[in-house]
Each structure stands twice: as C-alpha cells, then as structure tokens.
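Notes follow the structure.
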Amino acid sequence: MKINLYGLLIACAIFLASILLQREGKKRSLYKDVGIDMILYTVPFGIIGARIYYVAFSFEQYLHQPWRILYVWEGGLAVYGGVLGGLLGLYLLSKKKNISLLTLTDMALPAMLLGQAIGRWGNFFNQEAHGALIANPAYQFFPIGVQINEQWYYATFFYESAWNLMATFALFMLQRKTRSTKGFVTLFYFLLYGLGRCVVEQLRTDSLMLGSLRVSQILSLVLVIISTYIIYRKLKVSTKSIWFTAIAIIIVFIGILFQKFLIIFVGSVIFLPVIVTYFMKASVYEAANI
C-alpha cells in the first residue's frame, strides 16, 4: 500500500505541475502546449537524474543486487539529482523551441518546489527521510515526530515539506511580479530551498555522505552562496547586507563542518532578514526599471 501511495503522490504532483505550467505559459504568450512539453522533458530526466545521484552515493547497497537500481518505487530518489536532471530536460527543450532557458526555469521551479513539498509525504509512506529517535515523550507527537514501527522519530520529511510549501508561495508571488525579468525566480529557488535543506538535512539519519560530510548540505551551501552573490550584484543592495550574509554563511559552514544543528539553525535565522530584504527589492525591481 505504501508503494502505491508513494507513486500516487508523485503522479498528483506531476499533474498539478502540468496545470500550473500550462497557465504560466499562457500568461507569457508562449506556444500552446509548452507546459505539457516541459513535463515530458523534465519528468523522465528528473527521475533518471534522481536515481543516478542516489545510487552514486550509496552504491554499496546495490553491489550484490544491481538490478535493484531499477526499483525506483522502493524510494531512493535524491532531490538534487532530480533537479539536475530536470534542468537538463529544460535545456534540451529550450534549444529545440528556441526559448530562453531562464524563462523555462523561472516557469518550472515554483511548480517543481510545490512537487517537492508534495513528494516529501511519499517519504512518510516509504518510512524514509526521517530523523533520529525521539527519547523525550513530551515531543512524541506529530508534527514534531512521526511514529514508525511503534517508535517515534523526528519528522524531517514534514519540516522540509512545510518549508518548501512556504517557499513555493514566495516564488509564485515573485513569478507574478517579475515575468519580464529573467532569472530572479530561479535564483530565489536555489537560495530558499538550499537554506532550508541545509537546516533539515542535519536532523536526518539517512543522508548521502561524502566522508564525514552530508552531500546535500555541501551542495545546498554552494548554491546558497552562488545565488546570493548573483542576486546581490543584480539588485545592487547595500554593502551592510552582504556583511550579514557573509557572517550567516560562515556560521552555517561551521555548523556543517562540525555537524552541529544549533549552529546551522542560528546562522540560517541570521540570514532570513537579508533574504526578506532581497526578496522585497526583487519584487519591485521590474517596475523600477521600466
């Protein structure tokens, strides 16, 4: 039953994304079936990328049964691999239809993040992507925890789903205000998702590892740094904000290096006011530059 529910959630996310993409394509005066084409290009590449990424960092699980690499319904789809695969699909579509890649990513990424928020509940049905055991009975309730086999674990899938949902609303707002300005939605996707993933990943017990470091945390921090720098240069915000950004990123990096959740969380909280400032400036950027 849990396998069927996992697949059903993915199917629902894809269906909802196709509707949103079709509507956005119409608002941008693109060709009629652009949303359907985006789904046809991103979903296969996304699934393949998600699986390859996961297997690459956990290959020992498949050494004796390599055919299980094809069993995607068992779980084991890494989000960042899916994003990379989806971006490859969008790149191919942009070349075929002669549409700017940033136009397509600005269209696709809010819908993709909504799909990620929905898809995280598939982790619940597959009993994966959760945190450590909760020893204190006072915290053994949902949404702080989730019960699996009569044990309570931190519900990290829910934390990430909730963050993704809030970030999705922010991206859709930004999408509506910046249709003529390419790249802002894409940049804020990587900034918002990356920051949330840095925090939540520290609580998980099944992270893909590279030595003693969590792969998704390192990649998330890199994406946060790159996207923040580009946004800073494009918006030409005050130097003061970049100092706050640098301090926050250094704190998060120290937390990742020493695997300390509280340090990562504090750094992220310091970063939030800067993100809000960037977001507000980006929201009025298009009107101010007409």
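Filter region 144-175 for residues that are in contact with a Ser or Thr (Cβ under 9 Å, 6 or more places away or on another chain) and more than 18 Å from residue 206 (Cβ to Cβ) and give the result. The answer is 173, 174.
The requirement of being outside the structural domain of residue 118 (by TED's automatic domain parsing), within 30 Å of residue 145 (Cβ to Cβ) and not aromatic (Phe, Trp, Tyr) is satisfied by residue 207.
Of the numbered criteria (1) closer than 30 Å to residue 153 by Cα; (2) touching a helix residue (DSSP H, G or I) at 6+ places or on another chain (Cβ under 6 Å), the one residue 210 fails is (2).
Listed here are the residues, each with its yes/no results for (1) farther than 24 Å from residue 281 by Cβ; (2) in contact with a Leu (Cβ under 9 Å, 6 or more places away or on another chain); (3) crowded, with 23+ Cβ neighbours inside 10 Å.
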{"position": "151", "(1), (2), (3)": "yes, yes, no"}
{"position": "157", "(1), (2), (3)": "yes, no, yes"}
{"position": "163", "(1), (2), (3)": "no, yes, no"}
{"position": "172", "(1), (2), (3)": "no, yes, no"}
{"position": "198", "(1), (2), (3)": "no, yes, yes"}
{"position": "208", "(1), (2), (3)": "yes, no, no"}
{"position": "223", "(1), (2), (3)": "no, yes, no"}
{"position": "229", "(1), (2), (3)": "no, no, no"}
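Which residue, of 110, 143, is surrounded by 14 or more Cβ atoms within 10 Å (Cβ to Cβ), out of contact with any His (no Cβ under 6 Å at 6 or more places or on another chain) and touching a residue at least 12 places away in the same chain (Cβ under 8 Å)? Quick ask: steps written out before the conclusion?
Details: 143 fails: surrounded by 14 or more Cβ atoms within 10 Å (Cβ to Cβ).
Exactly one residue qualifies, and that residue is 110.
Restricting the search to region 12-55, which residues are among the polar types (S, T, N, Q), free of Cβ contacts under 8 Å to residues at least 40 places away in the same chain and surrounded by 15 or more Cβ atoms within 10 Å (Cβ to Cβ)?
Going residue by residue through region 12-55, those that are among the polar types (S, T, N, Q) are 18, 22, 29, 42.
Retained after the next criterion (residues that are free of Cβ contacts under 8 Å to residues at least 40 places away in the same chain): 18, 22, 29.
Residues satisfying the conditions are 18, 22.
Filtering region 54-77 for residues that are of a type in the set (S, T, N, Q) and within 21 Å of residue 108 (Cα to Cα) leaves an empty set.
Residue 191: of a type outside the set (Asp, Glu), in the same structural domain as residue 247 (by TED's automatic domain parsing) and more than 21 Å from residue 258 (Cβ to Cβ), yes or no? Yes; evaluated as a whole, the condition is true for this residue.
Can you confirm whether residue 132 is more than 21 Å from residue 18 (Cβ to Cβ) and either among the small types (Gly, Ala, Ser) or assigned by TED's automatic domain parsing to the domain that holds residue 198 (or both)?
Details: more than 21 Å from residue 18 (Cβ to Cβ): yes; either among the small types (Gly, Ala, Ser) or assigned by TED's automatic domain parsing to the domain that holds residue 198 (or both): yes.
Answer is yes for this residue.
The values are calculated or read from the model by the stated rules, or taken from the named source; none is laboratory data. In this text, all values refer to a predicted model and were calculated from it rather than measured experimentally. Cβ sites come from the backbone with ideal geometry, for glycine too, and all protein chains shown count toward neighbours.
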